[in-house]
Amino acid sequence: MVGFKATDVPPTATVKFLGAGTAACIADLITFPLDTAKVRLQIQGERQGPVRAVASAQYRGVLGTILTMVRTEGPRSLYNGLVAGLQRQMSFASVRIGLYDSVKQFYTKGSEHAGIGSRLLAGSTTGALAVAVAQPTDVVKVRFQAQARAGSGRRYQSTVDAYKTIAREEGFRGLWKGTSPNVARNAIVNCAELVTYDLIKDALLKANLMTDDLPCHFTSAFGAGFCTTVIASPVDVVKTRYMNSAPGQYSSAGHCALTMLHKEGPRAFYKGFMPSFLRLGSWNVVMFVTYEQLKRALMAACTSREAPF
């Protein structure tokens with residue numbers, strides 16, 4: 001078996017909660033440049049029609065976007081909003097991933113055999129709950145990733161400045177901007193991500209194709225990342241555009257979606273799909289593999305402390 005061996009004692013809710021937040025932060029540190037590239041591609045052309053947007057596109061493709069940012073703004077620009085991103089993951093992933101099993105058991109009334117309906121309900125619940133906790137950190141992260149480091153048009157100087165400026169200029173409602181599309185996105189993402197991972201892992205184990213170790217976790221996480229990207233990309237683009245918009249640019253998330261459809265066509269909803277997949281796929285692999293190993297390491301540490309001899 002690769003990595004830490006599974007312990008006989010199942011992980012506690014606290015271990016899952018802390019393990020999920022820590023694993024998500026590690027995954028964010030590794031994949032953040034891809035997320036920044038995704039945001040830049042998603043907001044590109046939002047004030048132009050489809051023909052002008054294509055003609056004047058500043059960023060082309062994942063690698064092209066990253067290279068352009070490094071050339072024009074410096075390598076540090078790829079990590080714009082990292083502090084807010086880590087704050088988001090520690091609060092967000094701890095809830096949506098760390099509490100998933102507990103909520104699933106609540107809906108199944110403690111039964112070990114959870115159906116697809118219970119899994120989807122648990123994923124939707126923890127995904128929506130996480131948004132209620134972490135929405136301001138997500139707004140600040142997106143604003144930082146969207147702004148260019150070079151030039152005088154920079155909106156915020158630091159993470160704390162971003163929180164203060166948004167609250168002062170847009171009110172506390174500004175920090176909760178895009179909550180509706182974010183709830184929708186994260187309910188969808190959480191269901192696609194956790195439920196797909198859950199189902200693929202269960203199928204591999206029940207068919208005796210793999211054992212509960214790192215290759216199984218890697219395969220399940222990669223499949224979950226691809227399914228999540230396909231399902232969640234349209235909502236993710238709308239969420240990014242709406243969060244990054246100036247006050248009054250869009251009256252609602254629905255208005256933002258309709259404006260995109262009218263000005264840029266249906267393909268706009270899949271802008272940044274490749275960086276989204278590269279980011280979600282790699283993020284899922286790093287996060288789930290790390291999460292599984294952290295759970296085992298923490299439980300092994302707890303067990304050894306309780307029984308030193």
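The values are calculated or read from the model by the stated rules, or taken from the named source; none is laboratory data. Fair warning: this is a prediction, and the values are worked out from it, not measured in the lab. We place every Cβ from the backbone using ideal geometry, glycine too, and count neighbours over all the protein chains shown. Please note that ligands, DNA and RNA were not included when accessible areas were found on the heavy atoms of the full protein model with its side chains. Shrake-Rupley method; radii C 1.70, N 1.55, O 1.52, S 1.80 Å.
Would you check if Y197 is at pLDDT below 90, part of a helix (DSSP H, G or I) and not assigned by the TED database to the domain that holds F144?
no
Yes/no per residue for (1) under 20 Å from the mean Cα position of the chain (by Cα); (2) under 23 Å from G81 (Cβ atoms); (3) among the acidic types (D, E):
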position: V160; (1), (2), (3): no, yes, no
position: E169; (1), (2), (3): no, yes, yes
position: N190; (1), (2), (3): yes, yes, no
position: H217; (1), (2), (3): yes, no, no
position: T228; (1), (2), (3): yes, yes, no
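Could you grab me the full set of residues in segment 236-256 that are open to solvent by 10 Å² or more (accessible area, probe 1.4 Å), under 21 Å from L280 (Cα atoms) and among the aliphatic types (A, V, I, L, M)?
Within segment 236-256, V238 is the sole residue that qualifies.
Anything in segment 262-286 that is under 12 Å from V39 (Cα atoms) and touching a residue at least 60 places away in the same chain (Cβ under 8 Å)? List them, or say none.
K271, G272, M274, P275, S276, R279
Can you confirm whether K295 is open to solvent by less than 40 Å² (accessible area, probe 1.4 Å) and either outside the structural domain of G171 (by the TED database) or modelled with pLDDT of 85 or more (or both)? It would help to see each step written out before you state the result.
Working: open to solvent by less than 40 Å² (accessible area, probe 1.4 Å): yes; either outside the structural domain of G171 (by the TED database) or modelled with pLDDT of 85 or more (or both): yes.
So K295 fits the description; yes.
Would you kindly identify the helices (runs of 4 or more DSSP H) lying entirely within segment 114-193 that contain at least 1 residues that are open to solvent by 50 Å² or more (accessible area, probe 1.4 Å) and at pLDDT below 85?
In segment 114-193, the matching helices (runs of 4 or more DSSP H) lie at 116-146, 172-175, 179-190.
Considering only residues that are polar (S, T, N, Q) and under 17 Å from F144 (Cα atoms), which ones fall in segment 159-181?
Listed by number, the residues that qualify are T159, T165.
Quick check on my filter: what residues within segment 204-235 are open to solvent by less than 10 Å² (accessible area, probe 1.4 Å) and either under 20 Å from A134 (Cβ atoms) or of a type in the set (A, V, I, L, M) (or both)?
A221, A224, T228, A232
Can you list residue pairs whose Cβ atoms sit under 8 Å apart, with the first residue in segment 97-113 being within 17 Å of A20 (Cβ to Cβ) and the second being of a type in the set (F, W, Y)? Count only pairs 6 or more apart in sequence or on different chains.
I97/Y291; G98/F17; L99/F17
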